[in-house]
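Take a look at the structure set out below.
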Amino acid sequence: MADARRTIDAVWRIESARIVATLAKITGDVVLAEDLAQEAIVEALRQWPESGIPNNPGAWLTAVAKRRAIDTWRRRDRLDEKYQEIARGLGAEPSSTPDDWEPIDDDVLRLVFVACHPVLAREAQVALTLRLIGGLTTEEIARLFLVPVATIQQRIVRAKKTLAAAKVPFEVPDPSEWRARLGSVLGVVYLIFTEGYAATSGEQWMRIDLANEALRLGRVLAGLTPREPEVHALVALMELQASRFEARVDAEGTPILLADQDRGRWDRAQIGRGQAALARADSLGRGRGSYALQAAIAECHATAPSVDETDWAQIVLLYEALGRIAPNPIVDLNRAVAVSMATGPASALLIVDGLADAGALRGSALLPSVRGELLARLGRTQEARSEFATAASLTANSREREVLLAKAAALA
């Protein structure tokens, strides 16, 4: 049973977006598609411990969900009509009249646009997309946003009910609607990438499959919206951050922090693609937005020969600009790290203590982790150990916990 459970969890994380997108394309109903996928998961939990795990688990789940769809339509006495629909989805070629307009032929990206429909509040859009596309559990999403699990559950349930009540179809939005949805789409794509870059929970520090899917979606979006600078900027940011993947863990999966990474293992071709995407964003002449500023920070890291030779003063300026156009305590915390490298840990600690006094990032391991680093550099060893221990108790990622506990032990 345990092996089946682990396999199902892994399959859902990797293939949930494509399974739900496939079902939504067939049924035309995103809410029904997600429900069918969950029913298939329950069936797998019942069958796989006895029959064994199939060779292609994702295909098995999709097939079971399709059969459940047929059963659902049969119960609704609309069998003939829905059989025709599923036939079109399974094998019939779509019509291709000159009047057809279908700029998005990527079902997963189409699913993102549906989940970011304007009938949903921003918080609901994000929660639903992370659930459908990222395959994240409600617990993981709650940890990502530092809110109670019940809050996320309510957001997802309300979002699904709203989509159903509004009868939102699984279709490509009209071009006139793209700009209204694009900001939300970019936001959730980057959140998916971020979860892949540094997983909030689990036994792996990174989920490279999830990050790569977000990068793929970003590249598709850039091709569809060539005149949108922030789309190119987001691609640049993801390319530059992904270039370090091979150097971020050792052979056993243990995290390797930036200062200790072998920069010879960084993907120089991917760095070049990121720089080209950032240059493309800049060439459109609208000034740098939040993703472009973050990409510029990532470029500083990617092109520096070492940590000591990094242009930390420039990074501080970029974080200051980012904090003005997109105020966020995580931006302030990252600025504090850059300040510590540019001018020393004492001035950075003032920023971090200000965040702590304001109650920012309460419940997150990020703030005590950074505070521990600064205190250690100032020689305040006992306080630093306490902060690392606090951070370790707050993280749900076992690999990150190991790193934090090792830092605390090193100060003993």
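The values are calculated or read from the model by the stated rules, or taken from the named source; none is laboratory data. Keep in mind it's a predicted model, so treat the numbers as computed, not measured. Using ideal geometry, Cβ is built from the backbone for each residue, glycine included, and neighbour counts are taken over all protein chains shown.
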- Query: Across segment 112-139, what is the number of residues that are among the hydrophobic types (A, V, I, L, M, F, W, C) and either in a helix (DSSP H, G or I) or more than 20 Å from Trp178 (Cα to Cα) (or both)?
  - Reply: 11
- Take the residues of segment 287-318 that are over 14 Å from Gln275 (Cβ atoms), of a type in the set (Gly, Ala, Ser) and part of a helix (DSSP H, G or I): which is nearest to the chain's Cα centre (by Cα)? Ser290
- Identify the single condition in (1) of a type outside the set (D, E, K, R); (2) surrounded by 19 or more Cβ atoms within 10 Å (Cβ to Cβ); (3) assigned to a helix (DSSP H, G or I) that Leu361 does not satisfy, given that it satisfies every other one. (3)
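Just checking, does segment 245-257 include any residue being touching a residue at least 40 places away in the same chain (Cβ under 8 Å), among the hydroxyl-bearing types (Ser, Thr, Tyr) and in contact with a Phe, Trp or Tyr (Cβ under 6 Å, 6 or more places away or on another chain)? Talk me through it step by step, then tell me what you get.
Step one: of segment 245-257, the residues touching a residue at least 40 places away in the same chain (Cβ under 8 Å) are 248-249, 253-255, 257.
Retained after the next criterion (residues that are among the hydroxyl-bearing types (Ser, Thr, Tyr)): 254.
Within this subset, residues satisfying the condition of being in contact with a Phe, Trp or Tyr (Cβ under 6 Å, 6 or more places away or on another chain) are none.
No - not one qualifying residue is present in segment 245-257.
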- What single numbered condition from (1) small (Gly, Ala, Ser); (2) crowded, with 17+ Cβ neighbours inside 10 Å; (3) closer than 20 Å to Leu318 by Cα fails to hold for Gly344? (2)
- Message: I'd like the residue in segment 122-136 that is of a type outside the set (A, V, I, L, M, F, W, C) and buried (at least 19 other Cβ atoms within 10 Å of the Cβ) and, out of all such residues, is nearest to Gly196 (Cα to Cα).
- Response: Gly134
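Look through Val235, Val231 and report the one residue that is touching a residue at least 12 places away in the same chain (Cβ under 8 Å), in contact with a Gly (Cβ under 6 Å, 6 or more places away or on another chain), buried (at least 20 other Cβ atoms within 10 Å of the Cβ) and in a helix (DSSP H, G or I). Outline the logic, then answer.
Values: Val231 fails: in contact with a Gly (Cβ under 6 Å, 6 or more places away or on another chain).
Residue meeting the stated conditions: Val235.
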- Mind checking which residues of segment 296-341 are surrounded by 19 or more Cβ atoms within 10 Å (Cβ to Cβ), more than 27 Å from Gly379 (Cα to Cα) and of a type in the set (Lys, Arg)? none
- Going through segment 151-198 one residue at a time, which ones are surrounded by fewer than 16 Cβ atoms within 10 Å (Cβ to Cβ), among the basic types (Lys, Arg) and not in a loop (DSSP other than H, G, I, E, B)? Lys161, Arg179
- Restricting segment 253-274 to residues that are aliphatic (A, V, I, L, M) and assigned to a helix (DSSP H, G or I), the residue that is surrounded by the most Cβ atoms within 10 Å (Cβ to Cβ): Ile271
- So Tyr319, is it of a type in the set (Phe, Trp, Tyr), in contact with a Phe, Trp or Tyr (Cβ under 9 Å, 6 or more places away or on another chain) and at pLDDT 95 or above: no
- Item | Candidates Ala321, Ala277 - the one that is in contact (Cβ under 8 Å) with a residue 24 or more places away in the chain, assigned to a helix (DSSP H, G or I) and more than 21 Å from the chain's Cα centre (by Cα) | Ala321
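Residue under question is Ala24, and the condition is that it be buried (at least 19 other Cβ atoms within 10 Å of the Cβ), touching a Pro at 6+ places or on another chain (Cβ under 8 Å), touching a residue at least 40 places away in the same chain (Cβ under 8 Å) and among the small types (Gly, Ala, Ser); does it hold?
Working: buried (at least 19 other Cβ atoms within 10 Å of the Cβ): yes; touching a Pro at 6+ places or on another chain (Cβ under 8 Å): no; touching a residue at least 40 places away in the same chain (Cβ under 8 Å): yes; among the small types (Gly, Ala, Ser): yes.
Answer is no for this residue.
Within segment 370-393, can you find the residues that are part of a helix (DSSP H, G or I) and in contact with a Pro (Cβ under 7 Å, 6 or more places away or on another chain)?
Of the residues in segment 370-393, the ones part of a helix (DSSP H, G or I) are 370-377, 381-393.
Within segment 370-393, Leu374, Arg377, Glu387, Thr390, Ala391 qualify.
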- Message: Looking at the structure I just gave you, is Ala44 at pLDDT 60 or above and either surrounded by 15 or more Cβ atoms within 10 Å (Cβ to Cβ) or at positive phi (or both)?
- Response: yes
